[in-house]
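The values are calculated or read from the model by the stated rules, or taken from the named source; none is laboratory data. Because the structure is a prediction, the values reported are computed rather than measured. When we count neighbours, we look across all protein chains shown, and the Cβ atoms used for this are built from the backbone with ideal geometry, even at glycine.
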Amino acid sequence: MIKKKETTEHTSVKQNRLVATWKQFCKNKGAMIGLFITLTIILIAVFSDIIWDYNADVIKMNIPEKFTWPCLAHPFGTDEYGRDMLARVGYGAKYSLIIGVSAVVVGMVIGIPVGASAGYVGGRYDAIVMRVVDAFGVIPSILLSITIVAAFGTSMFNLAIALSVGTIPILARTTRAAVMTVRFNEYIESAHAIGASPIYIVFKHVLPNCFSSILVQCTLQVGAKIIGASSLSYIGLGVALPTPEWGALLSSAKDHILKAPYLCFFPGLAIMITVMAINLVGDGLRDALDPKMKR
């Protein structure tokens with residue numbers, strides 16, 4: 001009976017903490033705008049197959065209507081093959097988001113355990129692991145991504161893996177720093193005293209208390225990886241045409257920038273708005289999860 005009461009109280013505390021965090025997040029107007037834009041882009045990506053016909057609107061050529069400037073029939077204009085740019089930019093949201101999120105998820109799967117183990121164990125193990133992480137961290141992530149994609153070929157899978165390699169050192173260092181701030185707390189010592197295993201302590205007690213800083217960093221990295229994916233596609237090492245990924249759209253439009261500048265404007269605007277919105281959400285989460293920011 002006592003154990004059930006303690007569990008109920010613990011659940012109630014978690015719910016109250018979530019409610020307080022959400023209220024603090026809602027006070028940030030920029031974060032709410034970013035959340036609205038992010039959710040809108042996600043919905044467009046999820047329902048792109050319903051909104052547009054991929055075969056008719058995205059890849060089907062209509063030469064008589066090529067280079068049509070933005071109008072009511074084609075709000076974003078048409079490209080050099082007469083394809084509707086609104087459909088291509090909207091459909092491209094799916095690929096850019098998938099690549100960005102996948103790269104961060106792969107980075108989390110590797111970077112968080114590496115950083116958590118280094119920060120918790122400490123000593124020589126920490127020194128060795130972090131020197132290896134630093135060796136990858138000092139290499140520019142875009143250069144590392146170019147090397148991996150050039151070696152294994154251009155595809156969405158290879159692009160996500162290449163971008164995740166640059167994410168691993170960042171998440172590993174963030175996780176290590178967060179773990180080192182809590183590993184000597186009393187509740188960790190109590191878990192040691194009752195004989196809990198180190199793996200159990202790390203995943204049950206340490207990481208949940210480091211969640212806020214890791215979550216914020218992961219959110220910010222999604223925007224960075226979308227830019228990275230677009231950059232690689234722009235130079236021909238990302239998603240290949242006719243797949244309407246935003247970077248690939250920019251790459252195909254650069255040859256027509258004087259004749260049809262809107263071909264560059266709308267994919268670039270989509271990248272800018274998406275990354276800005278995700279970063280606003282990340283900043284809002286950082287402020288909401290930081291006790292010093294709460295009033």
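Looking at the structure I just gave you, is LEU215 surrounded by 20 or more Cβ atoms within 10 Å (Cβ to Cβ), part of a helix (DSSP H, G or I) and at pLDDT 80 or above? It is false that LEU215 is surrounded by 20 or more Cβ atoms within 10 Å (Cβ to Cβ), part of a helix (DSSP H, G or I) and at pLDDT 80 or above. Counting residues in the stretch 146-166 that are among the aromatic types (Phe, Trp, Tyr), within 22 Å of ILE44 (Cβ to Cβ) and at pLDDT 80 or above gives zero. Among the residues making up the stretch 218-238, those that are surrounded by fewer than 24 Cβ atoms within 10 Å (Cβ to Cβ) and assigned to a loop (DSSP other than H, G, I, E, B) are ILE235, GLY236, LEU237. Residues in the stretch 24-59 that are modelled with pLDDT under 85 and either among the hydroxyl-bearing types (Ser, Thr, Tyr) or over 31 Å from the mean Cα position of the chain (by Cα) (or both): TYR54 alone. The lone criterion from (1) surrounded by fewer than 15 Cβ atoms within 10 Å (Cβ to Cβ); (2) modelled with pLDDT of 90 or more; (3) within 30 Å of PRO208 (Cβ to Cβ) left unmet by TRP69 is number (3). When the stretch 141-188 is limited to residues that are hydroxyl-bearing (Ser, Thr, Tyr) and in a loop (DSSP other than H, G, I, E, B), the one that is surrounded by the most Cβ atoms within 10 Å (Cβ to Cβ) turns out to be THR154.
Let's see how each residue does on (1) farther than 25 Å from ALA172 by Cβ; (2) out of contact with any Pro (no Cβ under 9 Å at 6 or more places or on another chain); (3) in contact (Cβ under 8 Å) with a residue 60 or more places away in the chain:
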{"residue": "PRO208", "(1), (2), (3)": "no, yes, no"}
{"residue": "ILE214", "(1), (2), (3)": "no, yes, yes"}
{"residue": "LEU220", "(1), (2), (3)": "no, yes, yes"}
{"residue": "LEU232", "(1), (2), (3)": "no, yes, yes"}
{"residue": "GLY236", "(1), (2), (3)": "yes, yes, yes"}
{"residue": "PRO244", "(1), (2), (3)": "yes, no, yes"}
{"residue": "PRO261", "(1), (2), (3)": "yes, yes, no"}
{"residue": "ILE278", "(1), (2), (3)": "no, yes, yes"}
{"residue": "LEU285", "(1), (2), (3)": "no, yes, yes"}
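Quick check on the stretch 73-93. Is at least one of its residues exposed (fewer than 14 other Cβ atoms within 10 Å of the Cβ) and in a helix (DSSP H, G or I)? The answer is no; no qualifying residue exists.
Table: residues versus (1) under 23 Å from ALA150 (Cβ atoms); (2) among the hydroxyl-bearing types (Ser, Thr, Tyr); (3) within 19 Å of the chain's Cα centre (by Cα).
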residue: SER190; (1), (2), (3): no, yes, no
residue: GLU245; (1), (2), (3): yes, no, yes
residue: LYS254; (1), (2), (3): yes, no, no
residue: PHE265; (1), (2), (3): no, no, no
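Each residue in the stretch 47-62 was checked for being surrounded by fewer than 19 Cβ atoms within 10 Å (Cβ to Cβ), in contact with a Lys or Arg (Cβ under 8 Å, 6 or more places away or on another chain) and among the β-branched types (Val, Ile, Thr), and 1 of them qualify.
Taking the stretch 114-134 as the range and being in contact with a helix residue (DSSP H, G or I) (Cβ under 9 Å, 6 or more places away or on another chain), of a type in the set (Gly, Ala, Ser) and surrounded by fewer than 19 Cβ atoms within 10 Å (Cβ to Cβ) as the test, the residues that pass are GLY122, ALA127. As a summary of the residue check, VAL206 satisfies the conditions (1) surrounded by fewer than 19 Cβ atoms within 10 Å (Cβ to Cβ); (2) part of a helix (DSSP H, G or I) except for the one numbered (1).
Just one of the listed residues (VAL104, VAL109) is under 25 Å from LEU220 (Cβ atoms) and crowded, with 18+ Cβ neighbours inside 10 Å, and it is VAL104.
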